[in-house]
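Everything on this sheet refers to the single structure shown next.
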Amino acid sequence: MSKEQLLELERIVLSHHDNKEIKVEDDTNLIDDLGYDSVSVMCVIGEIEEHYGFEFEFEDLNKEDFLVYGTLVNIVSNKINRL
């Protein structure tokens with residue numbers, strides 16, 4: 001995943017957060033740390049799918065740590081590399 005793609009993913013993840021000054025780390029949890037609810041999470045997922053041109057699989061969304069930013073980066077990176 002290029003630096004540009006990584007920055008774009010971070011922008012998408014933070015697009016539903018009120019504090020635009022916040023930075024995400026690999027261990028940032030979308031719900032626990034960013035305060036997102038299920039609707040916000042689904043919006044982020046939809047935006048990622050639309051932006052990168054793929055769909056998440058059920059197995060991706062069912063991972064215990066899917067909502068951790070570092071895991072999300074790995075999943076998106078793997079999907080991009082398969083396109």
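Among the residues of the range 19-28, which ones are exposed (fewer than 15 other Cβ atoms within 10 Å of the Cβ), modelled with pLDDT of 85 or more and not hydrophobic (A, V, I, L, M, F, W, C)?
Within the range 19-28, 23, 25, 26, 27 meet the criteria.
Just to be sure I understand, how many residues within the range 34-62 are surrounded by 14 or more Cβ atoms within 10 Å (Cβ to Cβ), of a type in the set (D, E, K, R) and over 17 Å from residue 10 (Cβ atoms)?
The qualifying residues number 1.
Among the residues of the range 63-80 satisfying the criterion of being free of Cβ contacts under 8 Å to residues at least 24 places away in the same chain and either out of contact with any helix residue (DSSP H, G or I) (no Cβ under 6 Å at 6 or more places or on another chain) or within 20 Å of residue 2 (Cα to Cα) (or both), which is surrounded by the fewest Cβ atoms within 10 Å (Cβ to Cβ)? Step through it out loud before you land on a result.
To start, the set of residues in the range 63-80 that are free of Cβ contacts under 8 Å to residues at least 24 places away in the same chain comprises 63-66, 71, 74-75, 78.
Checking the rest, the ones that are also either out of contact with any helix residue (DSSP H, G or I) (no Cβ under 6 Å at 6 or more places or on another chain) or within 20 Å of residue 2 (Cα to Cα) (or both) come to 63-64, 66, 71, 74-75, 78.
Numbers: 63: 13, 64: 7, 66: 16, 71: 17, 74: 15, 75: 18, 78: 11.
Residue satisfying both the conditions and the ranking: 64.
Quick one: in the range 2-40, of everything that is in a loop (DSSP other than H, G, I, E, B) and among the small types (Gly, Ala, Ser), which residue is farthest from residue 64 (Cα to Cα)?
Initially, the range 2-40 is screened for residues in a loop (DSSP other than H, G, I, E, B), giving 2, 15-28, 30-37.
So of that shortlist, the ones also among the small types (Gly, Ala, Ser) come out as 2, 15, 35.
On the way: 2: 26, 15: 23, 35: 17 Å.
If we take residues in the range 2-40 being in a loop (DSSP other than H, G, I, E, B) and among the small types (Gly, Ala, Ser), then 2 is farthest from residue 64 (Cα to Cα).
The values are calculated or read from the model by the stated rules, or taken from the named source; none is laboratory data. Since the model is a prediction, treat every value here as computed from it, not as a measurement. All Cβ positions, glycine included, derive from the backbone under ideal geometry; neighbour counts span all protein chains shown.
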